[in-house]
Amino acid sequence: MTMCNALAQGQKLDWSEALEGQVEDRGWGLAGARSRYLLQHGILGAHIGYAMLEHARRARMGLTREAYALEQMGKLFAPFTRVAEANPHSSSATKSRTAQELVTPTPNNRIIADPYTRMLVSRDQVNQAAALILTSAGMAHRCTLARARK
């Protein structure tokens, strides 16, 4: 369930966790993620940087904005909408879309960072967080992790 859906239904989600012992706070880990060059040129977020790279690729391919959006972006992402439509856990993509629908700006599919429309980018309501714990078999055994979970 997304946070927006929970709030709409009057549910309060508890995201707290209790940890024993001390935790080392290493901060956000963003050191080096931004440079003076990026700031000077207004590239303040990934969506702006990726959009700039899309236009550079489009220019190198000799395509118009519209042709690039349809042929390179819309046709790539349209099949994913069919997968999402068939997935009962899909949070917002409950209808398959054509390549043309994905790339055409409308009031419900606004430009986020040209050439990206809303339907071509991740939804901020979707929690795509994940974690990976990588360890040796010996350490896993010492921590009593079941063999099937290794």
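Structural remarks
- Using the Karplus relation 6.51 cos²θ - 1.76 cosθ + 1.60 with θ = phi - 60°, the per-residue 3J(HN,Hα) values for the range 28-33 come to 7, x, 9, 4, x, 6 Hz, with x marking Gly and Pro.
- Taking every alpha-carbon pair under 8 Å whose residues sit at least 6 apart, the chain reaches a relative contact order of 19 percent.
- Given +1 at the Cβ of Lys and Arg, -1 at the Cβ of Asp and Glu and no other charges, the dipole of the range 29-140 around its Cα centre is 160 debye to the nearest 20.
- With the helix formula -39500 (n - 2.57) applied to DSSP H stretches of n ≥ 4, the chain reaches a computed 222 nm mean residue ellipticity of -9500 deg cm²/dmol.
- As a calculated quantity, the FRET efficiency between Leu76 and Leu134 at R0 = 22 Å, using C-beta atoms, amounts to about 0.10.
- All distinct Cα pairs of the range 17-59 go into the 1/r average, and the inverse of that average, the Kirkwood radius, is 13.4 Å.
- At R0 = 25 Å, FRET efficiency that the Cβ-Cβ distance of Leu13 and Val83 yields, to 0.05: 0.40
- Estimated Rh, the range 44-123: Kirkwood, alpha-carbon pairs, angstrom: 13.1 Å
- The chain: Rg to Rh, with Rh as the Kirkwood radius over Cα pairs: 1.07
- Here the 3J(HN,Hα) profile of the range 14-23, calculated from phi with Karplus coefficients 6.51, -1.76 and 1.60 at θ = phi - 60°, is 9, 9, 6, 8, 10, 10, 8, x, 8, 10 Hz, Gly and Pro shown as x.
- Within the range 1-93, chymotrypsin sites (Phe, Trp or Tyr not before Pro) in DSSP loop having at most 10 other beta-carbon neighbours inside 10 Å: Trp15, Trp28
Bear in mind that the values in this text are calculations on the coordinates, not laboratory data. Just so it is clear, the structure is predicted and the values come from calculations on it, not from any experiment. When we count neighbours, we look across all protein chains shown, and the Cβ atoms used for this are built from the backbone with ideal geometry, even at glycine.
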